[in-house]
1. Any chance segment A:56-63 includes a residue that's among the charged types (D, E, K, R), under 19 Å from A:Tyr118 (Cβ atoms) and at pLDDT 90 or above?
2. Six or more apart or on different chains, Cβ under 7 Å: which pairs go from a residue in segment B:23-35 that's at pLDDT 95 or above to one that's not in a helix (DSSP H, G or I)? Could you list them?
3. Specify the residue that is nearest to A:Ala135 (Cα to Cα); the eligible residues are those in segment A:43-90 that are open to solvent by 60 Å² or more (accessible area, probe 1.4 Å) and out of contact with any strand residue (DSSP E or B) (no Cβ under 8 Å at 6 or more places or on another chain).
4. Could you check segment A:33-148 for helices (runs of 4 or more DSSP H) lying wholly inside it with 3 or more residues that are under 25 Å from B:Glu311 (Cα atoms)?
5. Given the condition outside any loop (DSSP other than H, G, I, E, B), of a type in the set (A, V, I, L, M) and away from every other protein chain (no Cβ under 13 Å), answer yes or no: does some residue in segment A:9-28 qualify?
6. Take B:Glu208 and decide whether it is of a type in the set (Asp, Glu), at pLDDT 90 or above, part of a helix (DSSP H, G or I) and crowded, with 17+ Cβ neighbours inside 10 Å.
7. Please tell me if A:Asp47 is away from chain B (no Cβ under 14 Å) and modelled with pLDDT under 95.
8. Do we find that B:Leu84 is over 30 Å from B:Val164 (Cβ atoms), in a helix (DSSP H, G or I) and either in contact with a strand residue (DSSP E or B) (Cβ under 8 Å, 6 or more places away or on another chain) or among the aliphatic types (A, V, I, L, M) (or both) in this structure?
Amino acid sequence: MNKVDHLAQSPLFERLSTEELSYISSLSRPTHVRAGERIFEEGSIGDSVYIIIKGQVEVSRRDITGESKRLATISAPDFFGEMSLIQKEFRSASITALTDVELLQMSAENLVAFRRRYRDGFTFIVINIARVLAARLRESSARLAARL
Amino acid sequence: MKPRRLEELCDLIQSHEFQSWWTELQRARAEEDTAQEREDELRSQLALVEFRAEHTQREAIDALSLAGSADDDAARTAAESNTLENQAYVAVGEFEEQRYRASDAYYHQGAAERLVEQCNEALRKHPGDARAADALAQAREALTRSSATLDHEERRKAVAWARVEALWERSTAAGLLVAEQKVRAGRIRKRAERMFAEAEERKLRAVELRSQATAATAARRNAERRVNGLVDQARVRFDCSAGSDFLYFPQKDHPRHAFCLPLVEDRESYNVEVVALALYTVDHQRGISFLEPVGTGSAPSISEGDSRFEEFLLKDRGDKAPRPS
């Protein structure tokens, strides 16, 4: 599969046209991370979203005592890093490769370049991020309701 | 430099002139890479051979010094062996003297025994003879003294012989060790000589490699010059400015932007995965620190038929039943 095919499977780029996917593919940068390597650290500054092409990563966060707790495991074709892209805050969690991982990295500046050419495509990317965040919020609310 | 439109640049890239220049540049770059690899390989071999030559020479010097020590050990042991042998000769002389003393004591004891027998005989013939009885008592005392002397001398003789044997044993052991130490010294010396020869061979190989590496450097520089020459040609032939990895063409309708044409592939160093001969836009301030791919298409308008928002936001809402409370 080429980059465009991989991106077409990602929920981040749902509803994008082939032309938009082709352009966004030229804006993405492939990255290889070895199993066990940290992709980014909680508290660091980030401006990129990562799309998983192959492999699995762990999302973890330190609790009050400073101990790292696993929050989730995600794999292709999911994406991560979108929160600090939108919110411009420090990274809320750490991401570590559980296996050898192939990623496509897309910086905020590259997304702006995409927006200059494909405004509707860009809007869909934002909608897709919002949908994923909304789904996560629903899941968290359900969990919280179950505990109350 | 004449500013260009995208279409003009695409035509230029497709032109026979540009394509033949590009083929030539790729060939020159491949030659440069090969020359660089050969130079690196030779320099690495040279460093290794020089290091090994030096290391072998140091080892050879150490081995030679060790051989000298082994020779010294052999000489010391030989001297010790001679001393022991001389001491053994002296000890044999002392043993011989002791053997005479023990023999003498033995004869004295025999004579004392015979005297006791004679006194016994005399007393048997003249029982009650006080003088005969007294002579027998004295003869018996003399026999006791002679026996004690004989025992003492025999013990001393045994001790003297044991010393002779011990000295012979030590002298023999030292003599055997001398031979072994001499052989060891010889073996180490031969090893040192072999290593000196190896070090010399490696030095010669290093000289040969240095000459090959110098030639490889010259070949690499030639290839570099050829690549640089081709890039310089591009400036004139295609009316552009050129770095080592990119050609730049001013944009017709955007004076602060330029088209940028990579001459290399690179997936790590830039904000995007750089593909050779793919077109990018750069602004004059940031240059290649931000590359924006040049796409040929644009999004269709609603009038052209893009109804994705309508489909996404409006479709399938009315059909849903209310959520049970």
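1. Within segment A:56-63, none of the residues are among the charged types (D, E, K, R), under 19 Å from A:Tyr118 (Cβ atoms) and at pLDDT 90 or above.
2. These pairs meet every condition: B:Leu25/B:Leu263.
3. Taking the candidates together, the pick is A:Met83.
4. Filter on segment A:33-148 gives A:108-117, A:119-147.
5. There is at least one residue in segment A:9-28 that is outside any loop (DSSP other than H, G, I, E, B), of a type in the set (A, V, I, L, M) and away from every other protein chain (no Cβ under 13 Å).
6. Judged against the criteria, B:Glu208 is not a match.
7. Working: away from chain B (no Cβ under 14 Å): no; modelled with pLDDT under 95: yes.
Criteria not met by A:Asp47.
8. Values: over 30 Å from B:Val164 (Cβ atoms): no; in a helix (DSSP H, G or I): yes; either in contact with a strand residue (DSSP E or B) (Cβ under 8 Å, 6 or more places away or on another chain) or among the aliphatic types (A, V, I, L, M) (or both): yes.
Answer is no for this residue.
The values are calculated or read from the model by the stated rules, or taken from the named source; none is laboratory data. As the structure is a prediction and not an experimental result, all values here were calculated from the model. We place every Cβ from the backbone using ideal geometry, glycine too, and count neighbours over all the protein chains shown. Each accessible area value is taken on the protein alone, full model and side chains, heavy atoms only, with ligands, DNA and RNA left out. Shrake-Rupley method; radii C 1.70, N 1.55, O 1.52, S 1.80 Å.
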